[in-house]
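Encoded as structure tokens, the structure appears first; notes follow it.
The values are calculated or read from the model by the stated rules, or taken from the named source; none is laboratory data. All values reported here derive from a predicted model rather than from experimental measurement. Virtual Cβ from ideal backbone geometry, glycine too; neighbours counted across all protein chains shown. Surface accessibility is based on the protein's heavy atoms, side chains included, excluding ligands, DNA and RNA. Shrake-Rupley method; radii C 1.70, N 1.55, O 1.52, S 1.80 Å.
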Amino acid sequence: MAVWNLIETWDASPGFAMGLDEALLRSVGRPPTLRLYSWAPDALSLGYFQRFGDVPAAAAHPHVVRRLTGGGAIHHHPRELTFSVTLDADDPAYRGSVPDSYERAHEAVIRALSALGVSEVRMRRAEAVGSDLRGTGMCFHESTPQDICWRGAAGPLAKGVGTAQRRTAGRILHHGSIKLGPSPLEPEVATVADQAAQVSPVEAGRALRDGFAQEFGVDLEPVAPDPELLEAAAALGGAAFLVACDTLARS
């Protein structure tokens, strides 16, 4: 059975959160890694191709970073779990088409959400959702057929998980955000709390860990980021990185 690394970094600063994922993406040959994390302080991450003007909420938020992955902006707040998968592009887990790799990852997330008590959670396919809103620039307000949805507090089917990928230099980074509770910047979306008991990011992370292990047939070995990774994360995600992101986003 294949073995993946499991890295947990709870209450990660916005710069470190993005810097560590980039360091993992650049680490060719490193074992596949599932990373589970939360953010402190809360932050808004812009998709790789977005500008500040695309996201009205960005102008008033004090902590804005740019992700390496595309898509819309995400509000990373205390009632949200962020995860990432990084691995070589020829790894069997992600071999094949990009849509197929999304499907497999989403099946793992669906396993986790079902274990947490979310009912009738599924990929949207051709169904209409009530969370699609124009003009916000937010990831959770624009859905695709593969997005994971369930019925939210308002009743209609709504998007509750946002994911995106970056593929470069023989490596893959797959980002994901799971809404555990409501965020003021993302109205109308589905959250775990809509259907189940409120859980912390750590508790949700345990369910997600099990979902990935079962779906991909792997063992997950907890590891701490080694000094080389931490040094790279600091260089990529420090104050200069945040300033650079701010400059690029506003240009």
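One residue is enough: does the range 51-69 have a residue meeting the conditions under 24 Å from Tyr102 (Cβ atoms) and of a type in the set (Lys, Arg)?
Checked the range 51-69: at least one residue is under 24 Å from Tyr102 (Cβ atoms) and of a type in the set (Lys, Arg).
Test each condition in (1) modelled with pLDDT under 95; (2) open to solvent by 30 Å² or more (accessible area, probe 1.4 Å); (3) in contact with a Ser or Thr (Cβ under 8 Å, 6 or more places away or on another chain) for Ala154 and report the one that comes out false.
The number of the failed condition is (3).
Looking only at residues in the range 165-182 that are open to solvent by 10 Å² or more (accessible area, probe 1.4 Å) and small (Gly, Ala, Ser), which one is modelled with the lowest pLDDT?
Looking at residues that are open to solvent by 10 Å² or more (accessible area, probe 1.4 Å) and small (Gly, Ala, Ser), I get Ala169.
Among the residues of the range 183-201, what is the count of those that are open to solvent by 50 Å² or more (accessible area, probe 1.4 Å), of a type in the set (A, V, I, L, M, F, W, C) and not in a loop (DSSP other than H, G, I, E, B)?
Summing the residues that are open to solvent by 50 Å² or more (accessible area, probe 1.4 Å), of a type in the set (A, V, I, L, M, F, W, C) and not in a loop (DSSP other than H, G, I, E, B) in the range 183-201 gives 0.
Looking at Arg51, is it in contact (Cβ under 8 Å) with a residue 60 or more places away in the chain, closer than 23 Å to Ser143 by Cβ and not acidic (Asp, Glu)?
yes
Scanning the range 41-50 for residues that are in a loop (DSSP other than H, G, I, E, B) and surrounded by 15 or more Cβ atoms within 10 Å (Cβ to Cβ), which turns out modelled with the lowest pLDDT?
Here the residue is Gln50.
Which residues, taken from the range 1-21, are over 22 Å from Leu220 (Cβ atoms) and buried (at least 19 other Cβ atoms within 10 Å of the Cβ)?
The answer is Pro14, Gly15, Met18, Gly19.
Looking at Glu215, Glu186, can you tell me which residue is closer than 15 Å to His76 by Cα, among the charged types (D, E, K, R) and modelled with pLDDT of 95 or more?
Exactly one residue qualifies, and that residue is Glu186.
Out of the range 202-233, which residues are over 17 Å from the mean Cα position of the chain (by Cα), in a helix (DSSP H, G or I) and exposed (fewer than 14 other Cβ atoms within 10 Å of the Cβ)?
Pro227, Glu228, Glu231 - these are the residues of the range 202-233 that are over 17 Å from the mean Cα position of the chain (by Cα), in a helix (DSSP H, G or I) and exposed (fewer than 14 other Cβ atoms within 10 Å of the Cβ).
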